[in-house]
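Derivation of every value follows stated rules applied to the coordinates shown; laboratory data play no part. If you're wondering where the values come from, they're calculated on a predicted model, not measured in any experiment. Note: ideal-geometry Cβ built from the backbone for every residue, glycine included; neighbour counts use all protein chains shown.
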Amino acid sequence: MVLSFTEALETVRQRAIATGLRVGAGSTRTEQVQLLAAQGRVLAEDVGASHDQPPFDRATRDGFAVQAHALVAKKETGLEIIGEVRAGEQWRGPDLLPGQAIAIMTGAPLPLGSDAVVMLEHVQTAGHRVRPVGDRTLRSGENVVPRGAEAKAGDPVLRSGTPIGTAEVALLAACGRSTVQVYNRPMVAIVATGDELVELSATPEAWQIRNSNSYGLAAMVHAVGGHPGRLAIAHDLRDEIRERIAQGRMWDLLLLSGGVSMGKYDLVEEVLAEFAAEFFFTGVRMQPGRPIVFGRLPPTSPDPGGGVQPECLFFGLPGNPVSTEVTFHCFVEPLLRVLRGEMWTGPKFVQATLAEDVPGKHDLTRVLPAHLVPGFARTEVRVVRWQGSGDLAANAQANCYAVLPEGRDAFTAGEIVTVLLR
Ligand code: AMP
Ligand code: MG
């Protein structure tokens, strides 16, 4: 059950889609929020245009509303300016005739009778007459967005499942939506395991380690739109791990860190098995991150009170903090996006030019902390120096991970490689 990196991604994709369909089906899993609180959430309804957009034939330039053919035909004598229409008002005079022009501002409705706007920069005016400069021509419809061209009343402009970013907030406001229906944040339980761990409030002895993973994981869960819950540290004792899993399985997703390697006190897998866990994989040929475990705890049979614990997906993430973060971005984050109502899009991969030679591994996909320097013509990625998968300082120097697939001895400067954004 040790998969290649790509096999593991495919497994997570299939599980995410199967679970996402069930999540999406439950209407109790959505809530109504104020428009600005919806930023960063996922839309849980289709939103239609409240009216034709634009609601009228709209001028897109300052200039003169005219009949395009008349402006060209009468370029010697010019057209007679009979008035002005500003944004926020409507032309109230008689319909425009071929020999006439009406001064118009960007955003104003086109007066009846006109079919185009000639830009201010393309005409010269003298007294009450306007004519095109030089050989300027004008097409019917130029500098006008026809009523309903962007959206017709009732047309869907945003689909359920769309992440709400800045552009969506503006569009929802244009549709008159001061509140919107969004998916609930998935609830993610975080359990750090390890005898060496102490909480932030304690001063670690020389042989102890601060539990940084619970915080790193909580921050990542929050950044992806989940609701993190940090449970107490579990020491490497069956009873404590069992108790924490029993607590954590009430959440949508359970993230355990540490205790998934081959050591004598790595008990997480064994205890998960006691809960009748189904394991989808128990390792991935990647570095760092090899011991990662992914599976589900089945729904419980009804207890005497009739209560049923629904299924809970879990990851057992390796305890080394860089491994924890790498495996989160590779596998947990894309799943979490589906649990929060999005379509599966997978990890955030982009391509970039490798700045320096990097050795590959025959049997492991390397996912190395790296620094991405975006550029207009060329985006470069440089692997950072690090002391291995415990090196949080190097990890903080990085802003991405270079993904170097298994089966290659070396990756050379100048070649295009895959980069995982975080
Ligand atoms: P493990 O995966 O349990 O073998 O842990 C590997 C190493 O990761 C440990 O020796 C610790 O140094 C480190 N580690 C484990 N859990 C945490 C944690 N919650 N926070 C920070 N470091 C951790
Ligand atoms: Mg451990």
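Some points to look at:
- The number of residues in the range 165-194 that are away from ligand 2 (no atom under 16 Å from the Cβ) and more than 21 Å from His51 (Cα to Cα) comes to 10.
Table: residues versus (1) farther than 30 Å from Val42 by Cα; (2) in contact (Cβ under 8 Å) with a residue 40 or more places away in the chain; (3) surrounded by fewer than 17 Cβ atoms within 10 Å (Cβ to Cβ).
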| site | (1), (2), (3) |
| --- | --- |
| Arg340 | no, yes, no |
| Met343 | no, yes, yes |
| Gln351 | no, yes, yes |
| Asp357 | yes, yes, yes |
| Pro374 | no, no, yes |
| Val381 | yes, no, no |
| Arg385 | yes, no, yes |
| Ala393 | yes, no, yes |
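- Every residue from the range 268-291 that is part of a loop (DSSP other than H, G, I, E, B), within 16 Å of ligand 1 (Cβ to nearest atom) and either without any contact (Cβ under 8 Å) to a residue 60 or more places away in the chain or farther than 22 Å from Gly216 by Cβ (or both): Thr282, Pro291
- Positions within the range 27-73 being within 34 Å of the chain's Cα centre (by Cα) and assigned to a strand (DSSP E or B), in sequence order: Thr30, Glu31, Gln32, Val33, Gln34, Val42, Leu43, Val47, Gly48, Gln53, Arg58
- Taken together, the residues in the range 387-413 that are within 19 Å of Leu372 (Cβ to Cβ) and touching a Phe, Trp or Tyr at 6+ places or on another chain (Cβ under 9 Å) amount to 9.
- The residues on offer are Arg337, Arg378, and the sole one that is farther than 18 Å from Gly289 by Cβ and in a loop (DSSP other than H, G, I, E, B) is Arg378.
- Pair list, Cβ < 9 Å and 6+ apart or interchain, from the range 242-263 residues that are touching a residue at least 60 places away in the same chain (Cβ under 8 Å) and within 16 Å of ligand 2 (Cβ to nearest atom) to residues that are among the basic types (Lys, Arg) and not in a strand (DSSP E or B): Leu256/Arg244
- All of (1) in contact with an Asp or Glu (Cβ under 8 Å, 6 or more places away or on another chain); (2) crowded, with 18+ Cβ neighbours inside 10 Å hold for Ile241 with one exception: (1).
- The C-beta contact set for the range 307-326 (first residue part of a strand (DSSP E or B), second residue near ligand 1 (Cβ under 9 Å from one of its atoms) and among the β-branched types (Val, Ile, Thr), distance under 6 angstrom, 6+ apart or interchain) comprises Gly316/Val260; Gly316/Val268; Leu317/Thr324.
- Filter result for the condition that a residue is free of Cβ contacts under 8 Å to residues at least 12 places away in the same chain and either small (Gly, Ala, Ser) or within 26 Å of Leu336 (Cβ to Cβ) (or both), over Gly134, Gly194: Gly134
- Here His235 clears all of (1) within 14 Å of ligand 2 (Cβ to nearest atom); (2) within 33 Å of the chain's Cα centre (by Cα) except the condition numbered (2).
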